[in-house]
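Reading through the structure tokens given below for one structure.
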Amino acid sequence: MHIQLGPIDYLILIVYFLFVLGIGWMLKRYMKGSADFFLSGRSIPAWVTGLAFISANLGAQEVIGMAASGAKYGIMTSHFYWVGAIPAMVFLAIFMMPFYYGSKARSVPEYLKMRFDEKTRGLNAISFAVMTVFSSGISMYALARLLELILGWNFHLSIIVSAVVVLVYIFLGGLTSAIYNEVLQFFMIVLGFTPLVFLALKDIGGWSGLKEKLIPVATGQNFAPGTWTQSWSHMGHVGDNPMGVEWFGMVMGLGFVLSFGYWCTDFLVVQRAMAAKNMNAARRTPLIAAFPKMLFPALVILPGMIAIAMHYSTPGGFLPAGKDGTPDYNMTIPTLLAHYLPTGLLGIGFTALMASFMSGMAGNVTAFNTVWTYDIYQSYLAPNKSDHHYLWMGRFATVAGIIISIGCAYLASRFNNIMDMLQLVFGFVNAPLFATFLLGMFWRRATGHGAFFGLLGGTLGAAVFHGMALAKGNVPGIKGGWLAERLHLSPIPYHNDMGQNFYMALVAWTTCFVLTIVISLATKQNKTDGELKGLVYSLTPKISSADEPWYKQPATLGIIVLAITVLLNIIFW
Amino acid sequence: MNFDLRLPIGLMFSFYGALLTIYGLVGDKAQYERSLGININLVWGIVMLAFGVFMLTLALKSKNKGS
């Protein structure tokens with residue numbers, strides 16, 4: 001597959017780069033101290049942090065991956081939004097943000113230090129820092145690979161150019177620069193993909209035409225006719241749907257553990273809300289994000305569904321074939337762009353795609369330089385230096401982080417397995433985190449030892465479960481089952497990787513939850529009630545926003561968001 | 001922070017909108033076969049231009065109020 005960009009498309013791309021760099025340059029003079037660089041001086045209005053909150057997550061995995069899942073699993077992919085992300089974002093806004101923002105912690109690991117102890121912070125900070133540079137490297141690799149594949153651009157040149165652009169704008173304007181560019185990218189994605197979805201949907205005969213053409217896709221794989229267009233109707237049994245999960249694994253594994261874990265504890269997204277100008281703005285950040293977020297399935301999942309319907313109804317197929325002969329789902333978006341958009345709009349759609357890769361990288365880099373500087377450098381390596389020194393370190397960490405990311409991008413291009421392995425290990429580390437935060441914020445008796453060993457135990461639990469479970473058709477190894485093989489036991493069978501993954505998260509969460517409670521009860525509380533004020537629910541004065549107009553009250557907004565989400569679930573049941 | 005983000009957003013999309021509108025008017029029409037016969041550059045160019053101008057208006061309005 002090959003796309004030919006015209007001069008006008010290149011002009012659009014170059015103008016975008018100029019704006020991105022220009023914003024960084026404009027912000028340079030505001031960067032006076034480390035708080036400006038890492039926290040945006042806590043001065044940003046809620047609509048800006050809200051849109052940045054979505055965009056930071058709208059990287060490669062989201063745009064390309066969600067479209068791929070839309071093709072592979074159909075509308076069930078929307079559970080990632082309507083069961084996962086949205087409820088989690090409401091929970092973060094209403095219940096958790098008061099502690100993050102109110103504690104004046106500068107990062108998520110720093111909150112863990114204030115609430116628990118040094119070792120819990122260290123564990124979280126180090127694993128998070130490693131994870132972010134690797135993710136940014138993977139993002140860079142995916143971008144360069146895509147550009148090489150569809151435009152014939154030089155792989156090395158793509159890596160260098162995208163790295164330099166991101167480096168320059170973060171170096172100049174820190175977190176503010178990243179946030180502002182994320183907002184720019186948000187509008188690029190919305191305005192670039194809307195005409196694409198409109199044209200593709202019109203071509204296939206609207207929603208009813210799509211529904212009809214997706215019937216053979218489902219029946220061809222031995223599923224009930226409506227499987228690709230009904231999100232809940234085929235969740236009764238693991239064998240009834242292509243995801244291989246039933247409703248309990250979906251709601252608890254994906255919704256409760258994985259999504260709440262990601263949206264409520266990952267510093268990459270939480271950092272955006274922490275940059276808001278006051279408590280109310282911080283709490284409204286995830287809620288403002290939730291409104292466009294719940295409509296995003298139309299922009300990222302629907303194209304995948306349309307593409308697979310086309311693929312099965314066009315002689316010779318629509319999507320290019322992958323290595324094993326099945327359609328290459330990751331090419332969904334580029335294929336649609338090339339098929340429907342004429343030169344001009346193609347430049348907009350293509351720039352939107354590049355922007356999403358770059359802001360995914362930038363989000364990781366800003367989270368990395370903050371955690372590195374505050375939680376690792378200032379805490380363990382060089383405490384009590386001047387603020388100016390830490391600002392300098394932040395810029396240095398930005399350069400170093402990007403250089404390491406480039407290294408990771410090349411590592412990914414050489415050894416695909418190393419990357420899979422790393423992502424697996426990160427999965428083990430992340431899965432139990434939400435249990436620690438839940439107990440930390442809502443149970444004053446939870447202790448430092450409890451949190452630390454609970455986290456370790458949860459990670460170990462995830463690894464053991466992974467070693468014991470194996471999805472149908474996989475061989476023991478990186479996909480699971482390695483422990484069972486060693487012990488000469490038959491592995492716990494799963495229909496596919498996704499179901500296995502959801503249950504792994506559930507096991508990790510439960511292990512961490514139970515261990516933290518047991519160890520906390522057996523150890524002495526290391527913090528006084530005074531120290532825990534503002535960090536734990538029962539010891540924190542309630543925040544009232546009664547004097548704000550209704551559309552600025554987090555609770556009211558949260559209820560509206562949840563009501564619309566329930567409605568969407570029912571419409572597409 | 002004395003920097004209104006609506007200004008660059010407005011400028012950028014006004015530029016893109018104007019560019020696509022003009023290109024839609026004067027450019028090669030044969031290429032719209034792929035966009036189902038719709039001159040999507042013209043249509044969407046006008047939409048983006050309207051969005052850009054709207055953002056610019058908001059930014060300039062609050063600037064005048066502030067000074």
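The values are calculated or read from the model by the stated rules, or taken from the named source; none is laboratory data. Keep in mind that this is a model prediction, so the values were computed, not measured. Cβ coordinates were reconstructed from backbone atoms using ideal geometry, including for glycine residues, and neighbour counts include every protein chain displayed.
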Worksheet item: Just to be sure, is residue A:48 in a helix (DSSP H, G or I), facing chain B (nearest Cβ under 9 Å), modelled with pLDDT under 95 and farther than 17 Å from residue A:167 by Cβ?
Response: yes
Worksheet item: Do we have any residue at all in region A:358-380 that's crowded, with 24+ Cβ neighbours inside 10 Å and under 30 Å from residue B:46 (Cβ atoms)?
Response: yes
Worksheet item: In region A:169-204, how many are at the interface with chain B (Cβ under 9 Å from one of its Cβ atoms), aromatic (Phe, Trp, Tyr) and surrounded by 24 or more Cβ atoms within 10 Å (Cβ to Cβ)?
Response: 1
Worksheet item: Scanning for something within 12 Å of chain B (Cβ to nearest Cβ) and acidic (Asp, Glu), does region A:22-42 turn up at least one residue?
Response: yes
Discussion item. If a residue counts only when it is more than 30 Å from residue A:129 (Cβ to Cβ), which helices (runs of 4 or more DSSP H) contained entirely in region A:192-284 have at least 1 such residues?
Written reply: A:206-220
Discussion item. Can you pull out every residue in region A:339-349 that is at the interface with chain B (Cβ under 9 Å from one of its Cβ atoms) and assigned to a helix (DSSP H, G or I)?
Written reply: A:339, A:340, A:345, A:347, A:348
Worksheet entry | Residue count for region B:25-52, restricted to those that are crowded, with 17+ Cβ neighbours inside 10 Å and more than 9 Å from every other protein chain (Cβ to nearest Cβ) | 3
Worksheet item: Which condition number does residue B:57 fail, the rest of (1) closer than 21 Å to residue A:345 by Cα; (2) assigned to a helix (DSSP H, G or I); (3) of a type outside the set (A, V, I, L, M, F, W, C) being met?
Response: (1)
Worksheet item: What are the pairs, 6+ residues apart or on separate chains, where a residue within region A:519-534 that is on the phi < 0 side of the Ramachandran plot and in contact (Cβ under 8 Å) with a residue 24 or more places away in the chain has its Cβ under 9 Å from a residue that is exposed (fewer than 15 other Cβ atoms within 10 Å of the Cβ) and assigned to a loop (DSSP other than H, G, I, E, B)?
Response: A:520/A:445; A:521/A:445; A:525/A:445
Fill in: Candidate set from region A:143-168 (those that are not in a helix (DSSP H, G or I) and not small (Gly, Ala, Ser)); member that is surrounded by the fewest Cβ atoms within 10 Å (Cβ to Cβ)
A:154
Fill in: Where residue B:15 falls short, out of the listed (1) more than 7 Å from every other protein chain (Cβ to nearest Cβ); (2) within 21 Å of residue A:180 (Cα to Cα); (3) touching a residue at least 24 places away in the same chain (Cβ under 8 Å)
(1)
Worksheet item: Tell me, which residue of region B:1-12 that is over 22 Å from residue A:14 (Cα atoms) and without any contact (Cβ under 8 Å) to a residue 12 or more places away in the chain is nearest to the other protein chains (Cβ to nearest Cβ)?
Response: B:1
Worksheet entry | Exclusive hit being touching a helix residue (DSSP H, G or I) at 6+ places or on another chain (Cβ under 6 Å), in a helix (DSSP H, G or I), small (Gly, Ala, Ser) and modelled with pLDDT under 90, set A:352, A:451, A:362, A:397 | A:362
Worksheet item: Do the conditions hold for residue A:319, that is, is it more than 19 Å from the chain's Cα centre (by Cα), within 14 Å of chain B (Cβ to nearest Cβ) and either crowded, with 21+ Cβ neighbours inside 10 Å or farther than 21 Å from residue A:149 by Cα (or both)?
Response: no
Discussion item. Quick check on region A:297-312. Is at least one of its residues surrounded by fewer than 20 Cβ atoms within 10 Å (Cβ to Cβ), over 25 Å from the mean Cα position of the chain (by Cα) and either without any contact (Cβ under 8 Å) to a residue 40 or more places away in the chain or farther than 18 Å from residue A:229 by Cβ (or both)?
Written reply: no
Fill in: From the options A:65, A:70, residue that is in contact with a Leu (Cβ under 7 Å, 6 or more places away or on another chain), away from every other protein chain (no Cβ under 14 Å), small (Gly, Ala, Ser) and part of a helix (DSSP H, G or I)
A:70
Discussion item. So, residue A:79, is that one within 20 Å of the chain's Cα centre (by Cα) and away from chain B (no Cβ under 14 Å) or not?
Written reply: yes
Worksheet item: Which of (1) assigned to a helix (DSSP H, G or I); (2) crowded, with 20+ Cβ neighbours inside 10 Å; (3) out of contact with any Cys (no Cβ under 8 Å at 6 or more places or on another chain) does residue A:446 not meet, given it meets every other one?
Response: (1)
